[in-house]
Each structure stands twice: as structure tokens, then as C-alpha cells.
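So the structure is just underneath, and the comments pick up after that.
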Amino acid sequence: MSIPKELYPSQDDLLYEEELLRNPFSLKLWWRYLVARADAPFRKRAVIYERALKALPGSYKLWHAYLRERLELVRNLPINHSQYQTLNNTFERALVTMHKMPRIWIMYLVSLTEQKLVTRTRRTFDRALCALPVTQHDRIWEPYLVFVSQRGIPIETSLRVYRRYLKYDPSHIEDLLEFLLNSELWQEAAERLAGVLNDDRFYSIKGKTKHRLWLELCDLLTQHATEISGLNVDAIIRGGIKKFTDEVGRLWTSLADYYIRRKLVEKARDIFEEGMTTVVTVRDFSVIFDAYSQFEESMLALKMEMSDSEVEDEGSNGEVGAEEDVDEEDDRLNVAKLEKKLREFWLNDDKDVDLRLARLEHLMDRRPELANSVLLRQNPHNVEQWHRRVKLFEGNPTKQILTYTEAVRTIDPMKAVGKPHTLWVAFAKLYENHKDIANARVIFDKAVQVNYKTVDHLASVWCEWAEMELRHRNFKGALELMRRATAEPTVEVKRRVTADGNEPVQIKLHKSLRLWLLYVDLEESLGSLESTRAVYERILDLRIATPQIIINYAVLLEDHKYFEDAFKVYERGVKIFKYPHVKDIWVTYLSKFVKRYGKSKLERARELFEHAVEEAPADAVKPLYLQYAKLEEDYGLAKRAMRVYDQATKAVPANEKLSMYEIYIARAAEIFGVPRTREIYEQAIESGLPDKDVKVMCLKYAELEKSLGEIDRARALYKHSSQFADPRSDPEFWNKWHEFEVQHGNEDTFREMLRVKRSVSASYSQTHFILPEYLMQKDQMQTLEEAKDVLKKAGVADDEMAALERQLVPPENDTKKEQSRVVGFVSAGVVESNGQKVTANNEDIDLPEGSDSEEDEKIEIAQKDVPDAVFGVLIRKRDEGDEAEDDSAAKNKDSDGPLGALERIKRRKQGS
């Protein structure tokens, strides 16, 4: 065979050929030759590869590069191309020396898998596993499993491969299970899955839990019940139910589904019933009940569909039956006819549509009862669930009695959730409602012998028993029951119980207040006074009395004219109880005593009140002091009443002092007259009241003085209380003072009020200053820069100071107008400057405007004429002040007007 010329070495190859002739076994030279001819056709490179591999048959690098180029060559060719055969032959030649190289095997196996050569591929995989060491088998098994999982591979072949793989790595049994399920090999899948569940050392590499595997096995067994044999399905599923408490309902339905698929319908029904009566969660019960009801509905629908088709067969069956009656004696040994007769027997009647319908209705009717049973299985000591179960059987007394009997036998009072005595009471009332009083008494008698958790439960049973006797007019029986219940156990019984170490509630029953209250009510209604007093005395001796019992006992004695005995009972009550419980006893005791004796035993009443107010805390002493003062007003001395009120103002808490002082002042004004209240007002103001209460008291005091014509005293009170009123938050106070000055003051007093208002406002606001006022108060601050420094020290920001400066420095065109303004002067009226009226302060009184004429009008503030004796030396100071103002006006006659702080600062700047 001639070789084409293009395959011969070219002129450029001579250099590489000469070197190879000198050293044909150098891998480096051959590789340099191949790299240099990287752009040459593959046929020429293949010749170089073959020559190199002939010289170096054990070179992995050359074989790997050669095989990769071969694979790249056939990538886009059809699998039946001749190049694939050449490729396979090349792989086989390579494996002669490269059989320990797993990468060569994998390349060959992947290529064969793509060629769909099943037998050759399987044998090659087996050869690879035989040639490579075990440590590298995992690299071969991965493509091997991919190969056998393809379509077209015989299932038996794949199954054998998976079995061999499990011998290599048993932890991948889940892959085999998945393959078996996909291949519908249910029998082996079930056996393998059961074996996995029985293996305690099994660990799922896919993260499946034992519970999930159990569910998968149950689904597999039930869905393919007729195709799987050899496994005890019932035992397997029941074992899962016992072992796994989660989703028990699903396991029960799976077991029932298994029997349904096996056509064992009655067995499936038994499984449903067993499941509903054993599950302990409502969720599992709902799953089983829904499956059960769906099963019954499907069976009923199936029977109703089959009934129509069976009607036509009845006529023919009747004719055959007539013939069989004739030859009955001759056909006794005919097995087929005997089986036919058995099928027609009434117990095996297929026409049971009505029976199935009744069964479905009965199941639906039982749902509330079955659900209640589930809740009781969760906690059989739940009293409320037992009551609900009894209500389910309403109208069926027999079942109710049986339910009550089961309940009182099942519930342990020490573990009960709820009140177990209510079951006994309801049980007895059931007999009572059906007119069976004798059995109701038997139930109550058994109920009072039960050891309940608390004494109150036992006392409730005794009270219900007594009330039942009262409803049936057995009054003597009710009293006898109360005597039995309240009887104290003997010393022998107490000693025996103490020795046992388990003390029942019956030992403590005689101290139950509930029993004694019912007992004393019965004695008051049915017994005598002596017996009732004996019961009350017994309650007091047992130290179980309440304030209400003390009051009731005393009222009983008062109703029977035993007043001193009643007061003794009150005395015992105030000794037994402390505040706040004794409060009602004291109030009742004192009111009753005063009402009874009035003035006749005044000293004794005073002692009682003194004792009461000494023991009472501050928050409860006010009503007692009011009662005490009322006693003195009605029967005693007015001075003692005032002294009581004075003591009350000191004893009550701070939040009640104001109201107490108001009562004190009102009573003093009514008894001694208004002037006497001045001392009380002054005492209240100096007594340490809260600031808001001091302000209120000062305002009331000022109103009093104003009504008496004492204007100066009222003004002093306003000034004193102003320190407690912030102008920003309490404008009402300042409005009142404003109105007062308008009506009763003059310009000086009004100016003083405004000054006080500004000072109070400044005291409440520490960081805000009004610059003109500040400059007027500090004359030594001659420059605006100094004022800014002071404001900066006070915490005012620079931008705020700049805003103030812009406000204070007037524009050039308004200089003349500003010169006429009196800066910083606060006036109650209008200041005249250069013949014009200028408003001195924004806070002046709004006066009605007169005519627009330029004539000077004199505006006066309305004021009352007050005698000069009231003002005293103040009138002289005012006259002297007026003369001083006239002198200063004369001195400044040549000037433009009085200079304020701002004007002085501006002139200083201009001069500089």
C-alpha cells in the first residue's frame, strides 16, 4: 500500500527527524515535534503519534493526547461511522500498556456508552473493575451506574450491576431502592426496604429519617398489596405505629388500605374502628375518620351502581332455582350448586344498600363522641371534657349515668384539670331532675367521702347537698347536714390521720368559711336567736370570720334589741382585723353608736373616735375625721369641731389636704364667720401644700379679701402665688390678675404686675433673655458686643444673636422714628413723644380708640376710689415719684426725648 506524499516529512520536518534519528526514545523530542505540527492535518499528526507510541508505548502523556484528539475527531460524526471503530481499536491498543490508568478507562467507557454498545460496554466496565485496584473503583462505578440506568438496558442486567455495587459500597442501598421502584420491582423493593429498617446501623446518605422510610414502606405495601408476598404487612405497620407516634393516623389508614386492596372489606372496617379508638391526637383522628367516611361512601356508591345491573339477573336465577328444587335430592353432592346456594343465603346478600347507608349515617352521628374520646385519651383527668361527653348523650339518661360513673372512677382529684367535684354534683342533679332523690343522696354521700385537692371543693359538695334538701323542703335535713359538715373531728381521728401521714381534706372541713356562711344563714332563717348566736360565736372562735360576718352578727343583735352586745361584737371586730379590712367595721360601729346614744354618751363616743383615728392610716383617716367633726358639731362644742378639722388637715395625705382645707374653711365660715377663715387660709398656704394647691388656695384667699374690700391684701396674695404660675402654661392665673388690676388698680400697680410676670417668665426659662430689658437692667454694658458676649455665655447661639441684632438695629430711614420711641419702658397707658402717641409695650391694656383728631386726649384707666388710709405711705411715695418725673422732663426739654439703652449704644458707635 502506497503512502500519500503529504504524510511524508516536509523540508521543515527534517530538523526534528534528524534529532529523532539520533535519539528516537526521547519523549521531549517527540512532544516538541507534535507541538510544532499542531496546525498540520490530523492524518499527518496521527502518523507522528503512531511512530512516537511505537518508540514509547508506555508514555501516558502521548496516549492521552492521542486519544483526546481521536475523540475530538469523532465528536460530530454519527455513531455508525468507521472512525468509531478506529477509535475503539486505538483505546484497546492503549489499554495494553495503560490498563492501570483510570482516566484512560473512563474516556473509553464514556465513549462506548455514547455508542450504545451495551454488551461491549458492560464487558469493558467489568474489565476496568478487574484491572484497576479497589481504591479506584469508585471512579468506575459512577459512570457504570449511569450506563445501566439508561433506557434500553435490560432490567436484569441493571439489577445485577446494582447488586454487585452494593457489595462494594452497602451505604448506597437507597440508589438500588430507587431503581427498584422505578423498575416496578415491588417485591424486592419491599424486602430491601424492610431490611434497611431492621438494620440499626443504617445511615441514610440522602438525609431520610427512619420515620420517613417507614412511611415509604407502608405506602409500598399497601399500594401493591396483591403484588408483594412473604411479608407480614399487618405486623410491620403495627410495629411502626408503636414505634413512631407522629402521623399515626396515616399508618392506620395505610393498613386499612392494604386490606381494602386485598378485598377484605370487613377487616378494613375493623382497622378503621381500632384506629379511631386508639389514636390520641385530633389530627390523627381526623385523618382516620375522613378516610373511613370516604371508604363507606365509595362502597355505598359502588353498591348502588351494581344494584341496577343485578335486578335483571333475578328472573333467570328464579327459574334455575325452581329446577333445582325438583332435583334437590339428586344434586346434594354437586359442589358448584351448593356454593351457589351459599352465595344466595341471606347473610351473604349483596343487596345491602340500606345497611351500608345506615352504617354511614351511624358513623357520622358518632363523630362528636369519638372526637371526645380522643381528647379524653390525651388526658383522662380533664373534667371539662367529661362534662362535654355527658352533653353529647343528652336525652339518653342511661348513657349519661354510665358516663358519669366512668368519669368519677377515672378521674384522680389530685391530677384533675378543673373541678372534679362538679362531676359529682352534676351526677346527683341528674337523679334529682328525674325525681330520684334517694339515689341523689347516695351520690352526695359518696361525693363527700372523696379526698379532693382543696377544702373548697368538698365544701361545695356539702353546700349543694344542703341546697338540694332545701329545694325539696327538707329543712331539718339541711340543718343536720350543716351540723355534720361543720363538726370538728375528734382527737382520736386527728391522731390516726397524723400517724398515716396523708391528711385528707375532711380534717380541715370544719374551718371552711363557705360552710359556716350557709350554716349561719340557715340558722337565721330556720333556727332561734340562741342557736344563731352560737354559730356566730363558733365562727369567731375558729378565727375564720370576715368583716362582713362581724357586721352581720352585730346587725342581728341590733335587730333583736341587744345593742350593747352588738357594740361588743364591733369591739371584737376592730381588735381582730387591721386596716384596710377594719375600715367598714369602724365606720359602721361609729355611725351606729352615734345614732344610738347621740349626746348621752359623748365622752365615750369621743374616745372611740380618738382610738379610730389613731389606728387608721393616712389614706383612710379622712371619713373618720369627718364623722368625728360632725359629732362635735351636732352634740359637742364648735371649738372642738374646729380642732378636729385642724387635726384632719395634718393627718390626711398631701393629695387630700386641699379638699380637707376647703371643708375646714367652709365649716369655719358657717360657724364663726368669714373673717375667721383668714387664719385657716394662712395656715393652709404655709402648711407645705403642693405648688398647684398653694396657688389655688391663694386665689381663693384673694377672692375673699377682694370681697371684703382688702385690695392690697388681695394684690399681695396674687403676687405671692405668681411664683407658682408659669405664664406660658398657666395663662388663666395671669388673666385673673390682669382683670383684678383693671378693676382695682392703677398704672403703677399694673406696671408692677407686668414686671412680676416678666421675672417669673425669666425664672421659668433659664436660657432665653429679652435683650432690651437685659440692657436696661445692666447699664454698665455699654456696647452691643458686650451684650452679645453675655448672651453667648448664657448659651444663646450665634445665629439667634444675629437675628436679635437685626431686630434691634433699625433701618436708616427709620432712625427718626426710632429716636422718638422709649425703649424698654413698660407703661399701662400711652407715652407721648414729640406730640405723638406711641405705644410703649405690646402687653398694654387694649383701650378703646378715640377720634382721629390731633388734639391731645387724656385716656384714663378705670379704677375705684380707695381711701388714702388703705394705701398708707404708698400715696406719699407716688406723689414724690410724680414730682421726680416732672423734674426729669424739664431737664430733657431741649433734647429729642428720653434716651433708652439702644439709643445710647447707637450714639456711642457714631461718636467712635
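The values are calculated or read from the model by the stated rules, or taken from the named source; none is laboratory data. Computed from a predicted structure; not experimentally measured. Using ideal geometry, Cβ is built from the backbone for each residue, glycine included, and neighbour counts are taken over all protein chains shown. The area values use the complete protein model at the heavy-atom level, side chains included, leaving out ligands, DNA and RNA. Shrake-Rupley method; radii C 1.70, N 1.55, O 1.52, S 1.80 Å.
Points worth noting:
- Counting only helices (runs of 4 or more DSSP H) that fall entirely inside the stretch 34-125 and contain at least 3 residues that are open to solvent by 20 Å² or more (accessible area, probe 1.4 Å) and among the charged types (D, E, K, R), the qualifying elements are 42-55, 60-73.
- From the options Tyr452, Tyr519, residue that is of a type in the set (Phe, Trp, Tyr), surrounded by 14 or more Cβ atoms within 10 Å (Cβ to Cβ) and within 21 Å of Leu540 (Cβ to Cβ): Tyr519
- Which numbered condition Ser721 misses (of (1) in contact with a Cys (Cβ under 9 Å, 6 or more places away or on another chain); (2) free of Cβ contacts under 8 Å to residues at least 24 places away in the same chain; (3) not acidic (Asp, Glu)): (2)
- Top-ranked residue in the stretch 171-222 [being touching a Phe, Trp or Tyr at 6+ places or on another chain (Cβ under 9 Å) and over 24 Å from Leu255 (Cα atoms); ranked as least open to solvent (accessible area, probe 1.4 Å)]: Leu176
- Candidate set from the stretch 195-226 (those that are part of a helix (DSSP H, G or I) and under 12 Å from Ile173 (Cβ atoms)); member that is farthest from the chain's Cα centre (by Cα): Gly195
- Selection status of Lys5, charged (D, E, K, R), modelled with pLDDT of 80 or more and exposed (fewer than 12 other Cβ atoms within 10 Å of the Cβ): no
- Test: residue in the stretch 147-155 that is among the hydroxyl-bearing types (Ser, Thr, Tyr), in contact with a helix residue (DSSP H, G or I) (Cβ under 9 Å, 6 or more places away or on another chain), assigned to a helix (DSSP H, G or I) and closer than 19 Å to Glu114 by Cβ: no
- The listed residues are Glu503, Glu488, Glu492, Glu467, and the only one of them that is within 49 Å of the chain's Cα centre (by Cα), open to solvent by 50 Å² or more (accessible area, probe 1.4 Å), at pLDDT below 80 and among the charged types (D, E, K, R) turns out to be Glu503.
Okay, residues lined up against (1) in contact with a strand residue (DSSP E or B) (Cβ under 9 Å, 6 or more places away or on another chain); (2) part of a helix (DSSP H, G or I); (3) under 30 Å from Asn451 (Cα atoms):
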site	(1), (2), (3)
Leu509	no, yes, yes
Ser525	no, yes, no
Arg533	no, yes, no
Arg538	no, yes, yes
Lys561	no, no, no
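- The set of residues in the stretch 628-658 that are open to solvent by 10 Å² or more (accessible area, probe 1.4 Å), over 24 Å from Leu689 (Cβ atoms) and part of a helix (DSSP H, G or I) comprises Lys630, Glu633, Asp634, Tyr635, Ala638, Lys639, Arg640.
- Subset of the stretch 554-601 [more than 20 Å from Ala534 (Cβ to Cβ), open to solvent by less than 40 Å² (accessible area, probe 1.4 Å), touching a Pro at 6+ places or on another chain (Cβ under 8 Å) and not aromatic (Phe, Trp, Tyr)]: Val582, Ile585
- Scanning the stretch 659-698 for residues that are part of a loop (DSSP other than H, G, I, E, B) and on the phi < 0 side of the Ramachandran plot yields Ser687, Leu689, Pro690.
- Summed over the stretch 227-256, the residues that are within 14 Å of Lys210 (Cβ to Cβ), assigned to a loop (DSSP other than H, G, I, E, B) and not charged (D, E, K, R) give a count of 2.
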